Amino acid sequence: MHFALQTSFIQKIHVMWRRFILAFFLFGAVNAFAQAVTADLSLSDNHLESAMGGEVDANLISTGQIIRVKVYIANFGPGDAPAGHVRLRIGLGNGLVLNNPSTVASSPLSNYFTWSYDVSGAQPQIVGVSNAVLPNDFGGYADFQLKANNSTTSTVSFNLLISNPPGTTTPLSDVNTQNNSASNTYTIVAGA
């Protein structure tokens, strides 16, 4: 009887050992697929322009005037930012609105970002979610046509955010978050 108990105990240890080894290899395989990506996403040049692309005095915009907001989005690497992991929010402040909301989806860089217009908050926002990989050395201007809606002094704000979707196998981190936000103050005065 003692021999039978000893044999049963040894068999159980072997089964448990095999399960441990299998779990160890499965854990290693899952972690091999979950590779973190590091990039340096940046908002560098941002400015307001006239509708034709020339200089505009941000302190002297007339109500009803059409202007443009441009912001340069870049990835300085070293890695490629996966699709769906980058979100850009442009807050238009209290005096500007998107001139033609129906065209926002086809705005510049729409091959890299899905653009939408959100008016549900305290200020209108243009929101872009990356729909393609932003490769190392990526750079390009997002460009939107705005309309001066009412007399005020306010701010256009730019925020580039990392958004790792649930269950992602390629979590993204940004090596320098100091260059992910910017702002531009403007004043709108009553005018034709």
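The values are calculated or read from the model by the stated rules, or taken from the named source; none is laboratory data. Quick caveat, the model's predicted, so the values are computed rather than measured. Heads up, the Cβs are rebuilt from the backbone with ideal geometry, glycines too, and the neighbour counts pull from every protein chain shown. Areas reflect the complete protein model, heavy atoms only, side chains present, ligands, DNA and RNA absent. Shrake-Rupley method; radii C 1.70, N 1.55, O 1.52, S 1.80 Å.
Numerical summary
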read-out	value
Number of the exception - THR153 against (1) part of a strand (DSSP E or B); (2) under 15 Å from the mean Cα position of the chain (by Cα)	(2)
Subset of region 131-171 [in contact with a Lys or Arg (Cβ under 9 Å, 6 or more places away or on another chain), among the hydroxyl-bearing types (Ser, Thr, Tyr), at pLDDT 95 or above and open to solvent by less than 70 Å² (accessible area, probe 1.4 Å)]	SER157
Selection count where residues are open to solvent by 10 Å² or more (accessible area, probe 1.4 Å) and either assigned to a strand (DSSP E or B) or without any contact (Cβ under 8 Å) to a residue 40 or more places away in the chain (or both), scope region 44-72	18
Single residue of SER110, SER151 found to be of a type in the set (Ser, Thr, Tyr) and in contact (Cβ under 8 Å) with a residue 60 or more places away in the chain	SER151
The listed residue being open to solvent by less than 70 Å² (accessible area, probe 1.4 Å) and either within 16 Å of the chain's Cα centre (by Cα) or closer than 20 Å to GLY64 by Cβ (or both), out of ALA182, ALA190	ALA182
Strands (runs of 3 or more DSSP E) fully within region 73-136 counting 1 or more residues that are farther than 28 Å from SER62 by Cβ	86-91, 113-118, 125-130
